[in-house]
Structure formats: structure tokens, C-alpha cells
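In what follows, a structure is listed as C-alpha cells, so that the remarks can point back to it.
What follows is calculated from the coordinates using simple rules that are stated; it is not laboratory data. Note that the structure is predicted; figures quoted are calculated from it, not measured. Cβ placement follows ideal geometry from the backbone for every residue including glycine, while neighbour counts extend to all protein chains displayed.
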Amino acid sequence: MEDKILDNGGFDGNILGKKSKPKLSIPQIFNMSVGFMGIQFGFALQNGNASRILQGFGANVEELPNFWLVAPVIGMIIQPIIGHYSDRTWTKLGRRKPYFLGGAICACIALCLMPNAGSLTSVMAPLWVGAGMLMIMDASFNVSMEPFRALVADKLPDTQRTLGFSIQTFLIGVGAVVGSWMPSIMTNWFGVSNTAGVGEIPLNVKYSFYVGAIIFILTILWTIITTREYSPSEMAQFDDGEGHEEEHGSFFDIFKDIFNMPKAMRQLGIVQFCSWFGLFSMWVFTTPALAHHIYGCAIDDSSSQAYQNAGDKVGEIFGTYNLVAMVFALALPIIANSVGRKVTHAIALACGGLGLISIYFIKDSALLHLPMIGVGIAWASILAMPYAMLAGSIPVKKMGVYMGIFNFFITIPQIMSGLFNRPLVKYAFNQEAIYALVMAGVLFFIGAFAVLFVDDKKD
């Protein structure tokens, strides 16, 4: 079914004969973000299990950042391109929806193949097959993900954008919680084994990836079926519209847009750098950090029962921070209306920094859920507040490409984290991955300070 325009007393805010975008109901905003829930389910499986899979195929702990570099590099390339062309696309399916669907199909294939890389040894070493599947999977996630940010800005007036990104964050949390916990659910509820021989991947991880593929495609189809996009002529009628149907710029306009990015985007870049450098460190190193620091595994141990238990625990605590994010996302519009978006984001990042640093002082694995409360608060804000602050400063006809360019401030810090974390962990931290988590916490505090200087005109 297609969503319908609510009767809000007509379109108010007439500016030079143009109309404001109509407000949408909560169910309508929910429907257009359901697909992002499926995307985040896939991301949660990747974040919680990719290091585990790659180490199972023979990667050393200090080599993990090299494999994880693939994801941000691909995102940095793909997202601006997808944004640029989705701004200029109009088909019977819509503007953004063709990209949702194409990315989802490719992602599902990669989700099924990555944990089975060991069965493709006749092609090449399983480690490199797994790394290749990680590359394809992340590329597909990016193709589907980038247009979702632009869709919220396309559909909602400025007064509803914080709400829209918050509901999107809530659904991201739902997908991430279930995705993070899925390996443990497979083991604890269905008795699926979480151990495997050297060079093999446990069945609970394999089955979780299969479930992720199914949920990914079903949720994307939900959004495609239930959400109607505004046509170019409709977008041109709104007071923030700028004639989408007249935009025929070339591919090379992306570079011009990079140099002409809004001031708020540049300022948010510092905040994003600190946030995503820290997040990337957390995703890459939490499994080896906990395995060695809390479970007592040797640094090069990746096949023992204790290591697999640590891997399952990482999935559980990652689920916890996503559960907290899911709940806290509902409070973000209320808090932001009270103290402003900048202060809200600063407080949230500080909570995340405190949570990450506190992991160093924990010796009992049962307590690991506590620091994830702070991480979850930060994660909810990272997924919503920067985009809410940014959307009002972007020309509507360039919403897709600028949302893609903004992804630079997510991918560049991840690339730098991958490049610098290897020598840091190997030499400065003596392969003690726990110190990478402490460093991530410090960066969150720096980001919390930097966001206070962002020029958020509509705060």
C-alpha cells in the first residue's frame, strides 16, 4: 500500500507560492525505515562475527584491521556515487528504491557465502575468499544503506527530521539486537554447536548468516511496497524543493560538491572522525580483547572453547548496546527539544567514552553488559543527531550526494583506524587489544567536546 498525505489543515508555510512538505504519521515513518532494520541486522552479524570468521580462516590479530579496511574504502567510493545517481533517478519503482533492492539482492548472496568460504578452497585460500565476501557484503550494504538517509530527508519536513532519524535509529537497534544475539540464540535456544575445527566456522554462525539474508530481503521489500516517494514534479512544489527535474549534472559534479560542502558538514566531520575511529576500533578488537583480557586465551588462540565463548559474549554485549540504542532513540527527540541537538550528542558521546574505557577494569564477563549501556547511548545519537543537524543545511536537490559525501567522515576515520591500529596494537600495545578499546573511549570524549562548536542553525 502507498502512504497517503495526512490532513493537517493543508500545506502551511507557503513561501513564494510553494508548499511545505506534509507531516507523516508514525506508521508511515516506520514503514519507510523498516528496510534499514534489515540492513543493520546484516551489519550486526558482520561486526560481531567477521573478525571471528577471519581468525578462523587463519588471520592473526594484528592483521584484522587490514581486512576491515575493505569496508570503509568501498563505502567511501560507493556512497557518493549512489547518492549522486539516486538524486537523478526516477523510475516506476521510484528514486531511492531501485538502489535498496539491488543492494539487498547482492548482500543476501554475500551473507550466505562468507561463512562458507572454507568450501571454496579450490578457488583460493579460504582467508582470501572470506575477505572477498566481506568486501562484496559491505559494498552491497552501502548500496542499500545510503539512499535511506536521503529518503528521510526527501519525505519529511524539517520539523519531523529528528523524529524520522530517531525512528530509523530505533529500527536499526531492533535489527542490530537480533543480529548480534543470533549466534547465541542458535546455540542456547536451538542447541546449534558454537565450536568447529581449525579452519572451519561454527554452525551457529553459519545459520545466523542465513537468517540474516532472509530478514534483509524481506524488510527491504516491506519498505519498497509500503512507501511512496515524491515524484520530481512534487518535490519541486515544496518550499525546500529546487526543481529536481532540472538537475542533469555530470558525474564530475561530485568533486565540485565536495569542495562546496556546507559549513556544518565540515564541523561535523571532526565529530564523526572521533566517533567512527573509535567505533571501528571497538568492532575489530572487542573479540580478541575480551578473549585475552577476560577469558584468559593466548593472543594467537582462535579455536579453543574459551575463544568461541568470548566470541559469543561479544555478540551478546553488542546486542546489549544496540538494545539500549533502540530504547534511547525514542528519547532523543524529547532530549533534543529540551537541551538542543549539540548538547544531546555531546552527552551521549561522553557516555560512550566512559563505557569503553571501563571495560579495561572489568574482570568478570557477567559485568560486560554494563559498559554497553554507555556505548548504546552514544550509538543511538551517532545514528541520528549528526544527520538531523546536517539535513537542514543541505540543498534538497543534492540530498543524496551530500549524504553520500558525508559518509567520507565515517569511512576516512575507519581507514585511518585500520592503518594505524595495526602498528599500535602490535608494537605500542604489545598485542594487547584491550588498549585499542581504551583509546576508542578517549576519542569519544574528544568528539563530545568538538560537537559543541557545530553551527546547527535549526537547533
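Once the Cβ-Cβ distance of residue 260 and residue 106 is raised to the sixth power relative to R0 = 22 Å, the FRET efficiency obtained is 0.10. Between region 163-179 and region 49-96, the C-alpha centres lie 20 angstrom from each other.
Just need log10 I(q)/I(0) for region 160-221 at q = 0.25 Å⁻¹, Debye formula, equal scatterers on the alpha-carbon atoms, no solvent, rounded to two decimals. Rounded to two decimals, the profile gives -1.02. The sum of -39500 (n - 2.57) across all DSSP H runs of n ≥ 4, divided by the residue count of the chain, sets its helix-only mean residue ellipticity at 222 nm to -23500 deg cm²/dmol.
Near residue 238, the amide H atoms lying under 5 Å from its own belong to 19; only residues 5 or more places off or on other chains count, and H is placed 1.01 Å from N. Per-residue Karplus couplings for region 412-419, computed as 6.51 cos²θ - 1.76 cosθ + 1.60 with θ equal to phi - 60°, are listed in order as 4, x, 5, 5, 5, 4, x, 6 Hz, Gly and Pro entered as x.
The Cβ shell under 14 Å around residue 72 holds other residues with a net charge of -2, Lys and Arg each +1, Asp and Glu each -1. Among the trypsin sites (Lys or Arg not before Pro) in region 323-372, those located in a DSSP loop and surrounded by at most 11 other Cβ atoms within 10 Å of their own Cβ are 363.
Take every pair of alpha-carbon atoms less than 8 Å apart whose residues are at least six positions apart; their mean separation over the length of region 148-214 yields a relative contact order of 21 percent. Inter-part distance, region 269-298 to region 429-452, computed on C-alpha centroids, equals 9 Å. Relative intensity of region 362-459 on a log10 scale, I(q)/I(0) at q = 0.20 Å⁻¹, equals -1.18, per a Debye sum over C-alpha point scatterers of equal strength in the absence of solvent. When the C-alpha to C-alpha distance is required to be over 20 Å, the pairs from 21/397; 19/155; 342/397; 97/256 that qualify are 342/397; 97/256. Short-range pairs are left out: with C-alpha atoms under 8 Å and at least six residues apart, the relative contact order of the chain is 27 percent. Taking the longest Cα principal axis of the chain as reference, the axis of helix 371-391 is set at about 30 degrees. Orientation-averaged projection of region 26-453 equals 19.3 nm² [convex hull of Cα atoms, one quarter of hull surface area].
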